[in-house]
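In what follows, a structure is listed as structure tokens, so that the remarks can point back to it.
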Amino acid sequence: MPTDPVAANFLAFSVTHMKGQQSKITSCCNKLSEAQLQYRSGDYENSIVNLLLHLEGNIRQWILHGIDNQPDIRQRDDEFALTLSTTSAEARARLNATLDESAQIIATLDPSRLLDITDPQPNGTWRHATILEAIYKVVSHLEMHTGQIILLTKQLLATDLDLTMPRKR
């Protein structure tokens, strides 16, 4: 059976993009202290650690549970707790492990499954998505929160990060 080049490209690009966001998050976190990683200027904001926990929970639920049929162990409210029960190192390790496992699942996914329906959040607002939509949602969600982590890092360090191409100054 011939390989669908569009499906293959989508899956490969999704993995590459996830790995790129993972690298940016790692770069930001490596520049910050524990206090900076847990900093929030008010109860209405998330710290970088909150964002790491949120990304890990979301990706685990949509990819590991929704696509790979692993148990749903997500505790969403804990991701946004004002008093964290984990260190930044643990949150980073959990996110990295989940991203690595999810990337492997996506990379080896049978393209014929892309239009299968998944429902990883039965109490959520986005129900009965195709696996293609679930992957797209996860990649875009990861990118959005990576942007927040980058902005918070720039603000905490009061400097540009030059994560891609350095700009002329």
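The values are calculated or read from the model by the stated rules, or taken from the named source; none is laboratory data. Computed from a predicted structure; not experimentally measured. Here the Cβ is made from the backbone with ideal geometry for all residues, glycine too, and neighbour counts use every protein chain on show. Ligands, DNA and RNA are stripped out before the accessible areas are found, and what is left, the full protein with its side chains, is counted by its heavy atoms. Shrake-Rupley method; radii C 1.70, N 1.55, O 1.52, S 1.80 Å.
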Report, to the nearest 10°, how far helix 88-107 tilts away from the longest principal axis of the Cα atoms in the chain, using its own Cα long axis and a range of 0 to 90°. 20
Within the set of other residues whose C-beta is less than 13 Å from the C-beta of SER85, count the net charge using Lys and Arg as +1 and Asp and Glu as -1. -3
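What FRET efficiency comes out for the pair LEU161/ASN123, r = Cβ-Cβ distance, R0 = 45 Å, nearest 0.05?
On the way: r = 37 Å, r/R0 = 0.82.
Efficiency, rounded to the nearest 0.05: 0.75.
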Each label point is 7 Å from the Cα along the Cα-to-Cβ direction; what then is the distance between the points at VAL6 and ASP116, in nm? 2.1
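Excluding ligands, DNA and RNA, what is the solvent-accessible area per residue of the range 22-169 at a probe of 1.4 Å, expressed in Å²?
Per residue, the range 22-169 has 54 Å² of solvent-accessible surface.
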Quick shape check on the chain: root eigenvalues a ≥ b ≥ c of the Cα gyration tensor, a/c under 1.5 is rounded, otherwise prolate if a/b tops b/c, else oblate, and it reads oblate
Tilt of helix 131-157 relative to the longest C-alpha principal axis of the chain, in degrees (0 to 90, nearest 10)? 10
Part-to-part distance (alpha-carbon centres) for the range 143-162 and the range 20-62, which is given in Å: 10
Whenever you get a sec, compute what percent of the accessible area on the chain sits on carbon and sulfur atoms (1.4 Å probe). 54
Long-range lysine pairs (8 or more apart or interchain), the chain, Cα under 23 Å: 9
Relative to the first principal axis of the alpha-carbon coordinates of the chain, what is the inclination of helix 48-59, with its axis defined by its Cα atoms, in degrees from 0 to 90 and to the nearest 10? 10
